[in-house]
Amino acid sequence: YRIAQDKSVSTYPFVGLVHSLRVYNGYLYFAARTDAGEKVWRAQISPSGFGTPEVYFDFASAYPSNMALAITFSSDGVLYIGTDSPDGLVAVNPDKSYSAPFSSYVDLYTPGFFSLAWGAGNDLYATSSAGVLMKIIIRGKTSAPYYGSSM
């Protein structure tokens, strides 16, 4: 659904279980499970609505037995995906190369990042499957703009 400022409602068909949404650089990004598996999709935002969803990152190819649970972006276009994999957090660069930058710290958290949100500066906050709130300092990175927020 899209609810405009004039409170009009538009619907856009998408068959899948959406785990997380994020607006970045003129697109609505969403992590979702469909019949094709776990993927991060995007649909261009225009004044008249949303474009046709396209696959941005095929999460199922990289992590076939895991889920993409939460997404956010840094200001330089790196997509961070909170997962239920032992790697926890996956970073996808604009060229679609990816890594698990914190996999060497797996003993500090339980697998499963269910939400991600940027704080001030280079602080990324994550909640784990155990209900633990973590502050992750990502040096040299800051949040992409959050629309509708004063952050």
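With P(r) over Cα pairs in 10 Å bins from 0, in percent as the read-out, I listed (1) 10, 36, 27, 16, 8, 2, 0; (2) 11, 41, 35, 12, 1; (3) 11, 43, 38, 9, 0; which label goes with the value calculated from this structure?
Checking each listed value against the structure points to (2).
Rg and Dmax of region 44-89 over Cα atoms: what are they, in angstrom?
Computed over the Cα atoms of region 44-89, radius of gyration and Dmax are 13.2, 41 Å.
Rank 76, 35 by accessible area, highest first, at a 1.4 Å probe radius?
Working: 76 80, 35 165 Å².
These residues rank, largest area first, as 35, 76.
Rounded to the nearest 5, what % of the DSSP beta bridges within the chain are antiparallel ones? Working shown, then result.
Numbers: 44 of 44 bridges.
Of those bridges, close to 100 percent are antiparallel.
Ignoring everything but the protein chains, give the 1.4 Å probe accessible area of residue 11 in square angstrom, nearest 10.
100
At a 1.4 Å probe radius, which order do 23, 90, 9 fall into by accessible area, largest first? Write out the running numbers ahead of the final one.
On the way: 23 50, 90 0, 9 90 Å².
Putting 23, 90, 9 in descending order of accessible area: 9, 23, 90.
Where in the chain lies the longest segment free of trypsin sites (Lys or Arg not before Pro) that are both loop residues by DSSP (not H, G, I, E, B) and have at most 11 other Cβ atoms within 10 Å? Intermediate results must be reported in sequence, preceding the final value.
Values: sites that count: 7, 96, 139.
Between exposed loop sites, the widest span is 8-95.
Separation between the residue 7 and residue 117 pseudo-spin-labels, each 7 Å from Cα along Cα→Cβ, expressed in nm?
Taking the two extended label points, one gets 2.7 nm.
Which residues make up the longest stretch of the chain clear of chymotrypsin sites (Phe, Trp or Tyr not before Pro) that lie in a DSSP loop with no more than 16 other Cβ atoms within 10 Å, not counting the sites? Show your work: numbers first, answer last.
Working: sites that count: 1, 14, 146, 147.
Formally, the longest exposed-site-free interval is 15-145.
Normalised by the empirical 2.2 N^0.38 Å for globular proteins, what value does the Cα Rg of region 6-68 take? Write down the numbers at each step before the final one.
Numbers: Rg = 12.5 Å, N = 63, 2.2 N^0.38 = 10.6 Å.
Cα Rg divided by the expected 2.2 N^0.38 Å: 1.18.
For n ≥ 4 DSSP H runs only, could you compute -39500 (n - 2.57) per run for the chain, divide by its residues and tell me the 222 nm figure to the nearest 500? Present the calculation step by step, with values, prior to reporting the outcome.
Working: 1 runs with 4 residues, N = 151.
Counting only the DSSP helices, I get -500 deg cm²/dmol.
Could you put 10, 128, 75, 61 in order of accessible surface area, largest first, with the 1.4 Å probe and the full protein assembly present? Show your work: numbers first, answer last.
Working: 10 40, 128 10, 75 65, 61 90 Å².
Result, largest first: 61, 75, 10, 128.
The values are calculated or read from the model by the stated rules, or taken from the named source; none is laboratory data. If you're wondering where the values come from, they're calculated on a predicted model, not measured in any experiment. Every residue, glycine among them, receives a Cβ derived from its backbone with ideal geometry; neighbour counts consider all protein chains shown. To get the accessible areas, we keep the full protein, side chains included, count just its heavy atoms, and leave off ligands, DNA and RNA. Shrake-Rupley method; radii C 1.70, N 1.55, O 1.52, S 1.80 Å.
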